[in-house]
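Read through the structure below, which is laid out as structure tokens, and then see the notes.
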Amino acid sequence: NAGVTQTPKFQVLKTGQSMTLQCAQDMNHEYMSWYRQDPGMGLRLIHYSVGAGITDQGEVPNGYNVSRSTTEDFPLRLLSAAPSQTSVYFCASRNRGGSSYEQYFGPGTRLTVT
Amino acid sequence: SQQGEEDPQALSIQEGENATMNCSYKTSINNLQWYRQNSGRGLVHLILIRSNEREKHSGRLRVTLDTSKKSSSLLITASRAADTASYFCATAKLNQAGTALIFGKGTTLSVSS
């Protein structure tokens, strides 16, 4: 299994540009989440999904959109990039059933907005 | 606002010493988890403790949970240089068990040889 994969690894955008960060998992996990990590701030939850077709907002959803058309994919869209969105973005997934709530993280996408 | 807050923010110790880091949280939880992040990498799950448990062990890790004080501690015994990383606590809220985790800001541990 590849686990959780994210593309691209690095991205530079100009203010106002839009882009989609890709996240995919091959573990058939129902739950998927997006976090951003900024220095001194830890990880903050942007959006999450409990299954295909179901998404919800986290702590810092403004400026981001998500959709979940398949179990495997959970893309994060930046509608109009701003310098405040410069961050490292992590996607995570976990299984719904069982007794383990362990989340599996992707390697991250480092985004710079100029 | 973030649910968990780790203390201290940074910790420097020598190899062989024990490292203790603490986490406080605000609301009722279903479980609390600890994750490790090596520099520039994704997070890796270390251990989970449920709200009805008080202590849990895994190898050199010992986690305690005090729900009355809304706090947890992670003890790493006999630290090694390879333990150098950032450590985060994460909580799953009572009505959102496992759906999404809320993370603290982390403790940066540096173990020197």
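The values are calculated or read from the model by the stated rules, or taken from the named source; none is laboratory data. As the structure is a prediction and not an experimental result, all values here were calculated from the model. Cβ coordinates were reconstructed from backbone atoms using ideal geometry, including for glycine residues, and neighbour counts include every protein chain displayed. Remember, those area values only see protein heavy atoms, side chains included, never the ligands or the DNA or RNA. Shrake-Rupley method; radii C 1.70, N 1.55, O 1.52, S 1.80 Å.
Structure data summary
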{"read-out": "Residue that is open to solvent by 50 Å² or more (accessible area, probe 1.4 Å) and over 15 Å from the mean Cα position of the chain (by Cα), where the choices are B:68, B:58, B:24", "value": "B:68"}
{"read-out": "Residue tally, condition open to solvent by 40 Å² or more (accessible area, probe 1.4 Å), at the interface with chain A (Cβ under 9 Å from one of its Cβ atoms) and not charged (D, E, K, R), over region B:31-44", "value": "2"}
{"read-out": "Every residue from region A:92-107 that is more than 9 Å from chain B (Cβ to nearest Cβ) and either farther than 25 Å from residue A:2 by Cα or surrounded by 21 or more Cβ atoms within 10 Å (Cβ to Cβ) (or both)", "value": "A:93"}
{"read-out": "Those residues of region A:66-88 which are in a strand (DSSP E or B) and either farther than 27 Å from residue B:104 by Cβ or within 11 Å of chain B (Cβ to nearest Cβ) (or both), in sequence order", "value": "A:73, A:77, A:88"}
{"read-out": "Count - residues of region A:89-114 that are in a strand (DSSP E or B) and of a type outside the set (A, V, I, L, M, F, W, C)", "value": "7"}
